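Written below as structure tokens is the structure these notes are about.
The values are calculated or read from the model by the stated rules, or taken from the named source; none is laboratory data. Quantities reported herein were computed from a predicted structural model and do not represent experimental measurements. Reconstructed Cβ throughout: ideal geometry from the backbone, glycine too, with neighbour counts over all protein chains shown. Note: areas computed on protein heavy atoms with side chains; ligands, DNA, RNA excluded. Shrake-Rupley method; radii C 1.70, N 1.55, O 1.52, S 1.80 Å.
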Amino acid sequence: MNKKKVKQKLISYKNAPGSAVLAGLVFLASLITFAALFFLIVYLLIKGIPHLSLDMFALHYTTENVSLLPALINTVIMTVLALLLAVPLGIFSAIFLVEYAGKGNKFVEIIRLTTETLQGIPSIVYGLFGLLFFVTTLKWGMSLLAGAFTLAIMILPLIMRTTEEALKSVPDSYREGSFGLGAGKLRTIFRIVLPSAVPGILAGVILAIGRVVGETAALMYTSGTVAEVADSVMSSGRTLALHMYALSSEGLHTDKAYATAVILLVLVIGINSLSTIIAKKISKGNENGED
């Protein structure tokens, strides 16, 4: 069967040379993307792993150990806070746009235009907004809470759009079958539609986590660069990305900056892998439930 398919493809490419050129360009683009990612990972591992040491995981930061553990803890706290703020609001907004708002609604079009505009705003602008509003006007000061609210605004459009597309991908037959069995609108959404859309929603959450973990410009003006574990959400603290930026900009601990980049890379890959496993388990659970 495989040989027959290959022959059929070759024949189709001979009849349409443009298709062969396009297929080659697509393959080349995929190869370049993979090569760039592979080179980036290998380069960071080669430059960073030799400089990893136990001193870098001390609980308190000093100029001697240049510990990244406080920044790692702050990163986890910041990510959790930002997701707690943005994920529920983004999911509920997407549910309203897909399930409740009528087609051709001008209000919905305005919301979508606003969402797309927010996605294109540079992070430094979000940082300045957070500095003026959360830090200065609300008098929260340089704190994890100010940084989390700023990041929540940043990732909200991403979560909204991915959740909206995930909800749209759920077949209407699922909704019709639920309504036919006597379920109401709200029950259908939370028991039928949302579980089916979980893999797509998690994909958006994964992208949001990547943006939160790697953000520097917005947090520089809102959460601060204190190299200690924050005592509370109202305390200042740097994240891993800010820690790496500070080390590289000082020029005194460039090797430690590469080591921090390795930990940041491992953290992002670990979160992505865990989210993928969770999405697969949820998908299998839904399939078993349908069976």
Review point. Tally time: how many residues in the stretch 227-261 are open to solvent by 20 Å² or more (accessible area, probe 1.4 Å), outside any loop (DSSP other than H, G, I, E, B) and either among the hydrophobic types (A, V, I, L, M, F, W, C) or modelled with pLDDT of 85 or more (or both)?
Key: 5
Point to revise | Flag if GLY204 is over 29 Å from ILE49 (Cβ atoms) and outside any helix (DSSP H, G or I) | key: no
Practice item. With respect to ILE192, determine if the residue is without any contact (Cβ under 8 Å) to a residue 24 or more places away in the chain and β-branched (Val, Ile, Thr). Key: yes
Check your understanding: On the given criteria, is THR163 touching a helix residue (DSSP H, G or I) at 6+ places or on another chain (Cβ under 7 Å), open to solvent by less than 30 Å² (accessible area, probe 1.4 Å), over 28 Å from LYS281 (Cα atoms) and assigned to a helix (DSSP H, G or I)?
Key -> no
Check your understanding: Considering the stretch 100-117 alone, what residues qualify as being over 23 Å from ALA152 (Cβ atoms) and within 26 Å of the chain's Cα centre (by Cα)?
Key -> GLU109
Exercise for review: Could you tell me whether any residue of the stretch 58-81 is within 20 Å of ILE201 (Cα to Cα), open to solvent by less than 60 Å² (accessible area, probe 1.4 Å), assigned to a helix (DSSP H, G or I) and not polar (S, T, N, Q)?
Suggested key: yes
